[in-house]
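Note sheet for the following structure.
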There are 2 protein chains.
Amino acid sequence: MKVTEEKIIAPNGFYAVGSHIGIKRKRKDLTIYYSKHDCNAAAVFTRNALKAAPLLWNKKLLDSGDKIRAIVINSGNANACTGEIGKVHTEQMAQDLADCLNLKKEEVFVASTGIIGQVLPIDLISKGIQENSAALAQDEDAFNDAAEGILTTDTFTKQITVEFELFGKPVKLAGQAKGSGMIHPNMATMLSFLFTDANIGSNLMQEMLKESVDDTYNMISVDGDTSTNDMVILLANAKSDTSEIMPDSKEYYIFKEALDKINRYLAMQIIKDGEGATKFIEVHIKSAHSKEDAKKMCKAIINSSLVKTAFFGEDANWGRLVAAMGYAGVKFDFDKINILFKSDVGEIALVDNGKSLEFNEDKALEILEEKEIKAIIDLNQGNAEAKAWGCDLSYEYVKINGEYRS
Amino acid sequence: MKVTEEKIIAPNGFYAVGSHIGIKRKRKDLTIYYSKHDCNAAAVFTRNALKAAPLLWNKKLLDSGDKIRAIVINSGNANACTGEIGKVHTEQMAQDLADCLNLKKEEVFVASTGIIGQVLPIDLISKGIQENSAALAQDEDAFNDAAEGILTTDTFTKQITVEFELFGKPVKLAGQAKGSGMIHPNMATMLSFLFTDANIGSNLMQEMLKESVDDTYNMISVDGDTSTNDMVILLANAKSDTSEIMPDSKEYYIFKEALDKINRYLAMQIIKDGEGATKFIEVHIKSAHSKEDAKKMCKAIINSSLVKTAFFGEDANWGRLVAAMGYAGVKFDFDKINILFKSDVGEIALVDNGKSLEFNEDKALEILEEKEIKAIIDLNQGNAEAKAWGCDLSYEYVKINGEYRS
């Protein structure tokens, strides 16, 4: 399994383009993805009760089970909380791209990311789609432009390609994402677009994507807020010309590994681009009664502002982690747990069998001064585990989010 | 109904003392409350799954239904995550005070607040109890010392007395609290102690206290974390010498109003003392389908770091409030809602019937520059409402919580 970070080596039949059409001041703000052949599609949407117009459109297409051929995305404006006109604009975007590429609008997914509550500058977008659809290309640069076109406050593009063999033939799975957590004001969305030339059915792919998203994107936190526009889309066009991947087969597990690899990488990149983040934190809960329990505890810890500020302050303040575990809605026996903090320069045990340990503050500081910290909590009460990832809460976070519009 | 803020006028038969016994460096760290006569008791404890030893003890006493005579509290050490020895120490505190006051230990509630995971300096505390129990007094100064003795990182005491008439006789209800939200590191607890000479049964009082706490302390947020030691205790000794308060009677409603007044005041004082807070925010959800729905939305908004930083930045960023409402777990129709921000200098409408309004940024800034801001969201879809209160998230918050132990 060959992993190439920071760029896309296009799976067979996939094209992309990204450009600046004037929604944002300077940065690219329109991206189009296209497959020359019909694609099976899978998608996961935000759990936020307030879903922006493009999500409702995509969900309708997904539920219909029809083949998909393209995705059009604008950044700079989320087309969220825009009422009926928002829905009209979403369909217009699909129709515009369909017209250019000789497709039906029902073959086109739509995404928008940016400010909430403002009407989309639809004329700019229609014109932009017409001007750019002819420039669709398969090379690395075209995909790089596309990766830029979906960004909002991100400081770098997030791209990865994984190459592997199925049934003796080369297959690619590649992905691009945007998002710095739910960090910047109204510009908060997490978007991820994945493309593969594997031969895989929609239902199987949907099941695998859901599971993979739960273990990756859904286990990261910058500040715990979720957006109205979050989505992950996976398109598969079968152009590796292999047999179809069957459930529980060897090929299934190879593909799942590739999918998890990509989603985990993109999720980590989002955390690392978290606004104002100075540290990358991994929370690992071991020996829980169930994976669900372990996940809840991981998330409570990684979402806690008190935990985040403690890491920013390089303070081995395990009491805050324990208090967060306490309100996670999971029963556990504190008297059995071990806690240790770990980084590249070493590790330090803080709690052993529920007993607070005396520890060397200098050594703790040395460990916590590193950029990447692991907090490992062994509950010693079951066989399940989970990991979650997040960043610290810094002055810079408050600054960026307090001063955004003013 | 006469309200006296910032001091206690002791209800008949209640005594207090507060002093420095050496757990903390300089500030008072031991408080004793005492009633000359048997008290009915009501109490509400933290929902955190991890309950400190004193809470377990108090819960046992409460469940037994026996009369209560005193409360002993130390600050500086939470006696949380301290295992078996923690339980032994809690009982020791109750026993020490019982010995001094000629009570049974089962008549003594115990509370601790401060650092998590450290063994209590029990010898200091035993000695402190012996030295101080003789100094119990009924005057304002004694209660002021007591109010100081329960503080941790608070910058001021929180006290209030309400006087009213029941059955033609004067009755008092008074309370003291501590807590700057769940703000300072391991020193985060919210404690509230209420005393009345009203004649009221335990069960009725428990029901009223629970309801009042749900609408007051449970609707405030500094950073959304909850502590292992939070508790609210209400003692009633009937020494106003009136008939007993009956459910749904006129006296019931008078007493409830006094109780709500006290709890709301103390909750607001806690928010105003929130570490690093520069603004006091009230979120008011109107016309929801149910009170439960309205509460969930209020809390999601007031707990959001993005909302908090927006208020710190004096930014009329309603999209963040709406996004938080979206993940509150409540269904609502955005197309019907109105949003306005309000302060002493005026108000500004931001959303009308789900439509984003053009607004004057200068006027918005003028309103948001005030210290106390109200965000009023009218859902226009039901008859229930709720309010929640919180503070902004400032540089100072990050500084205090990042630098606490180092």
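Nothing in this text is a laboratory measurement; each read-out follows from the coordinates by a stated rule. Keep in mind that what you see is a predicted model, and the values were worked out from it rather than measured. All Cβ positions, glycine included, derive from the backbone under ideal geometry; neighbour counts span all protein chains shown.
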Can you give the direction-averaged projected area of the convex hull of the alpha-carbon atoms in the stretch B:280-403, in nm²?
7.2 nm²
In degrees, nearest 10, the alpha-carbon axis of helix A:53-64 is tilted away from the dominant principal axis of the alpha carbons of chain A by 80 degrees
Degrees between helix A:250-272 axis and first principal axis of chain A (Cα, 0 to 90, nearest 10):
70 degrees
Could you tell me the extents of the stretch A:1-139's C-alpha atoms along the three principal axes, largest first, rounded to whole Å?
43, 36, 31
Using each residue's phi in the stretch A:132-145, evaluate 6.51 cos²θ - 1.76 cosθ + 1.60 at θ = phi - 60° and report the 3J(HN,Hα) Karplus result to the nearest Hz, with x for Gly and Pro.
9, 5, 6, 8, 3, 8, 9, 7, 4, 5, 4, 5, 5, 4
What is the pair-distance distribution P(r) of chain A, computed from all Cα-Cα distances in 20 Å bins starting at 0, with each bin given as a whole percent?
28, 53, 19, 1
Taking a 24 Å limit on the Cα-Cα distance, which of the listed pairs A:K7/A:K295; B:K105/B:K127; A:K178/A:K399 fall beyond it?
A:K7/A:K295
Just to be sure I understand: of the beta bridges DSSP finds with both ends in chain B, what percent are antiparallel, rounded to 5?
70 percent
Placing each pseudo-label 7 Å from Cα in the direction of the beta carbon, B:D214 and B:S290 end up separated by a distance in nanometres of 1.1 nm
Rounded to the nearest 5, what % of DSSP beta bridges with both residues in the protein assembly as shown are antiparallel?
70 percent
Relative contact order %, chain A, counting alpha carbon pairs below 8 Å whose residues are six or more apart
17 percent
How much length would be gained if the chain were fully extended between B:A49 and B:K127, taking 0.36 nm per residue of separation minus their Cα-Cα distance, in nm to one decimal?
24.9 nm
Provide the convex hull volume over Cα atoms per residue for the protein assembly as shown, in Å³.
153 Å³
Please determine, in degrees from 0 to 90 and to the nearest 10, the orientation of helix B:291-303 with respect to the longest principal axis defined by the Cα atoms of chain B, where the helix direction is its Cα long axis.
90 degrees
Nearest-5 percent of antiparallel DSSP beta bridges in the stretch A:280-403?
75 percent
Return the calculated 222 nm mean residue ellipticity for chain A, to the nearest 500 deg cm²/dmol, obtained by summing -39500 (n - 2.57) across DSSP H runs with n ≥ 4 and dividing by the residue count.
-10500 deg cm²/dmol
